[in-house]
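Undergrad: Encoded as structure tokens, here's the structure I'll be asking about.
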Amino acid sequence: MSSFFTAPGAANKRKRQTSAADSPKKRLATSSNSIPVHKLAGKTNRRPGNPAPKKQVVERDSSISGSDSEDDDLPDDEDEFNGIEDDDSGSEAEGETAAERRLRLAERYLDNVKGEVQDEYGFDAEEIDRDLIAERMQEDVAETKGKVYRQLAGELLFEQASHTIFRWNSQNVNSIATCAPYAYTVSKDMFLVKWKLQDLPQHQWPQTTKKKPKKPPAPPKKKPQRVALSRGDSRKTKDKNYQGHTGPILKVAASQDGKYVVTAGADRRMVVHDAETLKPIRAFTQHRDAVTGLAFRRGTNQLYSSSKDRTVKVWSLNELAYVETLFGHQDHVVDIDALAQERCVSVGARDRTARLWKVVEETQLVFRGGGSGISDKKKDAKPTTAAANIDPLSMAHEGSMDRIAMIDDEMFVTGSDNGSIALWSLQKKKPVFVLPHAHGIEPALAPEKSSGEIDPDPSVIPPPQPRWITALRTVPYSDLILSGSWDGYVRVWKLSEDKRRLERVGVLGATSDEHGNVLSHNPQPQFPNQAPLLTNGDAGEEDEPKVNGNNSSPSQEVARRKAAEEQDEEKEKSASPSPDSALGLVKGVINDISTFERGDRGRDGLCVVIALGKEHRLGRWKKLQGGRNGAMVFEVPRVRKEEVPRANGVVGHESAEEGGSAA
């Protein structure tokens, strides 16, 4: 053994500490846990018959803080240095088993839930109902597993939804995205606009004093406020360093953390913007054709994009980098959606397939459509009242799958050009349920419009065609589904309890019957002690917007837009009536739908914003007379379950049946 570990070496080192003058200085400079010298005296003389190398090694190592014989007399600060004090503070690094760690995390989670419920309902945590905590825990576990756990269709009053139209002098609005309380719209004239959605009326003018106000409160603002805007430049097509769009913008998506806004266009570009100022950060040009769809992975900055080049690409916005490309579709990939797991779903237009992409496993599941939505048994059966007057030739087969939205991690819905909404499950390759003609059928063409002859043959007149599904959206992990077309209404559907059917719920802002026929529109609500509300929310004009992140808005541009809006309104009034001009509540083609919940866990209702245009977002196959380019906000109230005062002074519970949604 080397002399370094022998007893004489250690003894010699101990002998050099006999000087009372030098020893304290050396120990104070070495460690703060030094032992007085008088305690060390007499401890250095050991009997020669007991050499213990291991013990001497301990002596050598412990010479900084004292001899090994003084372990019992050491102060508590040495134990703190060795980490023993962590027993009282709950150390997470040492001395904790997996079971203890799970128990500690569970206790911390319960404390957090109790604190949230106490803040929400305003009573002591000891009085919290255990069922309320259990419900909150079940919701968190269900969302982690990716299952449907919320039944929202019966808790919202869709027919009582208030609406506000906001528009500006823009071309067709193709897409809209939300990150509360902001909304982002894009249009074919390369505009990206950021809007501040107004709070609910009861939250806009809070009373700060206990005194009764002398004047009635001001009417609530309804029209969203324009915050910032950015526009591309078509002259920069050949500029490779230009970080913006050079063609029509087709899609927009916003991250949940409110940091990024991504736009995709027909110029094959994806542009990442700063969500606050809309300043372009980075432009991606990896796609070889128009980019038609964008979807963020829930709770992350991982992005999926779809394109007409028949590919799906994965991006990481934290690094502003491209990740990989997914191949498989045989036609244009026109829509894409994603939830919390690292997977996405897409539809391939005329290849009539929906595909689930498992990014980590590098696999895909193919779901094939193409049917008419009506089985042979239903064709042979007696037609129902709703379908009795439908021409059998109008039961078109599915030609293109245009829209897709995920319900949870195992179910999704698709919308097609034959007007059907299909429910899919990962357990079956065919749709579980198909809802035909969700938005009805177009009126039949007049004989003089279908033929150039004076007396056309009736056999030449084409059968009426169903309205396409142009927009489709779900509230994640719930039973609520929203769809749009050009019939003038946003229709609401729900997933049945057995998760095998889609059922009709109603129409946003209108009352409808069991067949979906609209009976009446919901009038705009009037609030007591307030002036009548303006239809377009003109109360409270917005401030000057930021153009490309700068506070510059030319007055000539504003005047030109106002003049153009007035001209459009005059043209709409003077236009001759047509089947398209007899539109409903929503005047135009619904190109996109976005939703978010108001309040904590949606207790204040649901906000639905839609993008409107005179034509379809991908082409001019259908152009509506009387349509508008703009956007629309629906505020859907929630069924109140708290106690409310009655007219006779008796306090009772408000039932859901008094203002229930139309079936």
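The values are calculated or read from the model by the stated rules, or taken from the named source; none is laboratory data. For clarity, every value in this text was computed on a predicted model and none was experimentally measured. Neighbour counts run over all protein chains shown; Cβ positions are idealised from the backbone, glycine included.
Undergrad: Is it the case, given these coordinates, that D289 is touching a Lys or Arg at 6+ places or on another chain (Cβ under 8 Å), in a loop (DSSP other than H, G, I, E, B) and buried (at least 16 other Cβ atoms within 10 Å of the Cβ)? Don't jump to the end; show me each part of the working.
TA: On the way: touching a Lys or Arg at 6+ places or on another chain (Cβ under 8 Å): yes; in a loop (DSSP other than H, G, I, E, B): yes; buried (at least 16 other Cβ atoms within 10 Å of the Cβ): no.
Spelling it out, it is not the case that D289 is touching a Lys or Arg at 6+ places or on another chain (Cβ under 8 Å), in a loop (DSSP other than H, G, I, E, B) and buried (at least 16 other Cβ atoms within 10 Å of the Cβ).
Undergrad: Ok, one more. Within the stretch 296-310, can you find the residues that are touching a Gly at 6+ places or on another chain (Cβ under 9 Å), surrounded by fewer than 23 Cβ atoms within 10 Å (Cβ to Cβ) and within 15 Å of F284 (Cα to Cα)? Show your work before the answer.
TA: Taking the stretch 296-310 as the starting set, the residues that turn out to be touching a Gly at 6+ places or on another chain (Cβ under 9 Å) are 304-307, 310.
Among the residues that remain, those that are also surrounded by fewer than 23 Cβ atoms within 10 Å (Cβ to Cβ) are: 310.
Answer for the stretch 296-310, where residues must be touching a Gly at 6+ places or on another chain (Cβ under 9 Å), surrounded by fewer than 23 Cβ atoms within 10 Å (Cβ to Cβ) and within 15 Å of F284 (Cα to Cα): there is none.
Undergrad: Here's another thing I want to ask about it. Say we look at the stretch 399-413 and pick out the residues that are assigned to a strand (DSSP E or B) and within 12 Å of V334 (Cα to Cα); which of these is farthest from the chain's Cα centre (by Cα)? Don't jump to the end; show me each part of the working.
TA: Our first condition is that a residue be assigned to a strand (DSSP E or B); within the stretch 399-413, this holds for 401-406, 411-413.
Next, from what is left, pick out any that are within 12 Å of V334 (Cα to Cα): 401-404.
Values: M401: 23, D402: 20, R403: 17, I404: 15 Å.
By that ranking, first place goes to M401.
Undergrad: Looking at (1) polar (S, T, N, Q); (2) under 30 Å from G588 (Cα atoms); (3) modelled with pLDDT of 85 or more, which is the only condition Q151 fails?
TA: (2)
Undergrad: What number of residues within the stretch 314-349 satisfy the criterion of being farther than 18 Å from Y260 by Cα and either crowded, with 19+ Cβ neighbours inside 10 Å or among the hydroxyl-bearing types (S, T, Y) (or both)?
TA: Within the stretch 314-349, residues that are farther than 18 Å from Y260 by Cα and either crowded, with 19+ Cβ neighbours inside 10 Å or among the hydroxyl-bearing types (S, T, Y) (or both) number 15.
Undergrad: Determine the pairs where a residue that is more than 21 Å from W195 (Cβ to Cβ), located within the stretch 276-288, has a partner that is of a type in the set (D, E, K, R) with Cβ atoms under 6 Å apart, the partner being 6 or more residues away or on another chain.
TA: Listed pairs, sorted by first residue: A283/R269; T285/R269; H287/R268; H287/D309; R288/D309.
Undergrad: If you go through the stretch 236-251, how many residues are modelled with pLDDT of 95 or more and part of a helix (DSSP H, G or I)?
TA: Within the stretch 236-251, residues that are modelled with pLDDT of 95 or more and part of a helix (DSSP H, G or I) number 0.
Undergrad: Collect the residues in the stretch 249-271 that are free of Cβ contacts under 8 Å to residues at least 60 places away in the same chain and either crowded, with 21+ Cβ neighbours inside 10 Å or of a type in the set (S, T, Y) (or both), keeping them in residue-number order.
TA: Those that are free of Cβ contacts under 8 Å to residues at least 60 places away in the same chain and either crowded, with 21+ Cβ neighbours inside 10 Å or of a type in the set (S, T, Y) (or both): Y260, V262, A264, D267, R269, M270, V271.
Undergrad: Being closer than 28 Å to Y182 by Cα, more than 18 Å from the chain's Cα centre (by Cα) and among the hydroxyl-bearing types (S, T, Y) is the filter here; which residues of the stretch 307-334 pass it?
TA: S307, Y322
Undergrad: Looking at the stretch 588-606 only, could you name the residues that are of a type outside the set (S, T, N, Q) and at pLDDT 85 or above?
TA: Quick first cut of the stretch 588-606, residues of a type outside the set (S, T, N, Q) only: 588-590, 592-593, 596-606.
If the condition is that a residue be of a type outside the set (S, T, N, Q) and at pLDDT 85 or above, then G588, V589, I590, D592, I593, F596, E597, R598, D604, G605, L606 are the ones that fit.
Undergrad: If you don't mind, there's one more thing I want to ask. Restricting to the stretch 311-322, count the residues that are under 14 Å from A283 (Cα atoms), touching a residue at least 24 places away in the same chain (Cβ under 8 Å) and in a strand (DSSP E or B).
TA: The qualifying residues number 2.
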